[in-house]
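The values are calculated or read from the model by the stated rules, or taken from the named source; none is laboratory data. As the structure is a computational prediction, the values presented were derived from the model and not from experiment. All Cβ positions, glycine included, derive from the backbone under ideal geometry; neighbour counts span all protein chains shown. When the accessible area is computed, the model is the full protein with side chains, heavy atoms only, and any ligands, DNA or RNA have been set aside. Shrake-Rupley method; radii C 1.70, N 1.55, O 1.52, S 1.80 Å.
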Amino acid sequence: MTHRAATVVEKITAWAERLPPGLAAALFLLPFAYAALHQLLWPKPWFTDFYAVACAGDALVHNMPIYPPKPACPVFGTAFVYPPLCAQISAWLQARLGLGGETALYALVYAGALLGVLAVLLRRPGLGARAPFLAALSVSGIRPGNLSVLLHAGILFTSRRCAARPLLLLPPIALACVLKPTFGVYAALFLFTAGPWWRRATWGAAALLPAALYFVYFRLDDPNLFTAWLSVMRLWGWRLDHGHGFLNLIALAGIGNFTAVGLLYAAYAALLLLCGLHLAQRDAMPPAERLMLGIAVCILLYPRLMPYEQLGLPLGMGLLTQNGGKMVRNLAYGSGIACLAAGGNLGGQLLYCGCCALLIGRAMACPRPGAMAAITPSA
């Protein structure tokens, strides 16, 4: 960041901090509101990811392949990339409700989850600290109706309601890992709970066990179908769309060797986890705040970060911004402003890099115990 750009960000930050928290949040949500209005006036297809799942369910009903060489529903421009269990659930619902009923049910649950998350993000206290990170919300992330929104929301709601009983997090995290294996990053959330390290690690392993058993069974039961699923996963997750997180940075760096990528990711994940755990431990954060910070770290650990994966990010990042000093607030507002100014995948990448820098920088600064305020919205 040049000196002139840093000065501009510093002035904007000083101005924004004098605004009422609600108004600051509204300013960072203006692009989201504009995109929603644009969607109403010039609508684009909604629920494309959902219809890919529904299409796979229909294919299963009619004994057709769920991972064909070409998408079975090309009009939606995407493919079914989930394990067969998702198609089986969709087929079960279609047999009882029909496609229209399944769509209506999904839309109802989806809308409820979105409204619930938005209500949490816009609550006080701490809204001013979260405001820059509301730039992570985008209509393009909501429109596809991706299952990730429901899974992230379920984990977030459970974390807020059951902070004192972290074992209740096992069912939503285990289910998410089965339906989308990349949700295995949420096993690290148990490290942010209280208690001995061995117990936290055991809970994390227990969350991964159902997914491990399911995919072992999947592989043994139908090796050809398992191979077809892996091919689709590699095509869409590794080649066609890297998102704007770790995998996209690796792609920009021109690193294509799978082993090298794995080693780099292991080092990267260890660094972010250690930083997050250091901050949670150093500041003796309450259980609810530890989990909110843990959710933000888990989201940053997501290798293929997409717009619909970021709904819970502002809560934890707001905790890091509150009482973090002038440089921390400048970095937070600079990241949010850069995200809005660049837009699209580049904007998401800038916000992601800013969040990683904020987490690592706060950990390296070694804040004194109790420095962070208790700003997590009450349940």
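Under 5 Å from the amide H of residue 243 lies no amide H of any residue 5 or more positions distant or on a separate chain, with H modelled from the backbone and absent for Pro and chain starts. Couplings 3J(HN,Hα) of the range 161-171, computed from phi: 8, 10, 4, 7, 10, x, 4, 5, 6, 4, x Hz, in residue order, whole Hz [Karplus 6.51 cos²θ - 1.76 cosθ + 1.60, θ = phi - 60°; x for Gly and Pro]. On the chain, 70 percent of the accessible area sits on carbon and sulfur atoms, based on a 1.4 Å probe. Looking at the chain, the accessible area is 46 square angstrom per residue; that uses a 1.4 Å probe and ignores ligands, DNA and RNA. Rounded, prolate or oblate: which one fits the range 196-352, using the alpha carbon gyration tensor with axes a ≥ b ≥ c (rounded when a/c is under 1.5, else prolate when a/b beats b/c, else oblate)? It comes out oblate by the Cα gyration axes. When 62, 152, 38 are compared by accessible area of protein heavy atoms, the largest-first order is 62, 38, 152, using a 1.4 Å probe.
Listed peptides 221-229, 270-278 appear in the order 270-278, 221-229 once ranked by packing, highest mean of other Cβ atoms within 10 Å at the front.
With θ set to phi - 60° and the Karplus curve 6.51 cos²θ - 1.76 cosθ + 1.60, what are the ³J(HN,Hα) couplings of the range 344-352 in order, to the nearest whole Hz, using x for Gly and Pro? Ordered by residue, 3J(HN,Hα) equals x, 5, 5, x, x, 5, 5, 5, 4 Hz.
Here the 3J(HN,Hα) profile of the range 305-319, calculated from phi with Karplus coefficients 6.51, -1.76 and 1.60 at θ = phi - 60°, is 6, 10, x, 7, 9, 9, 4, x, 5, x, 5, x, 5, x, 4 Hz, Gly and Pro shown as x.
A quarter of the convex hull surface defined by the alpha-carbon atoms of the chain gives 19.3 nm² as the mean projection.
Have a look at 237, 256, 294 and tell me which one the Gaussian network model of the chain (Cα, springs below 10 Å) gives the largest fluctuation. Result for the chain, Cα springs under 10 Å: 256 fluctuates most.
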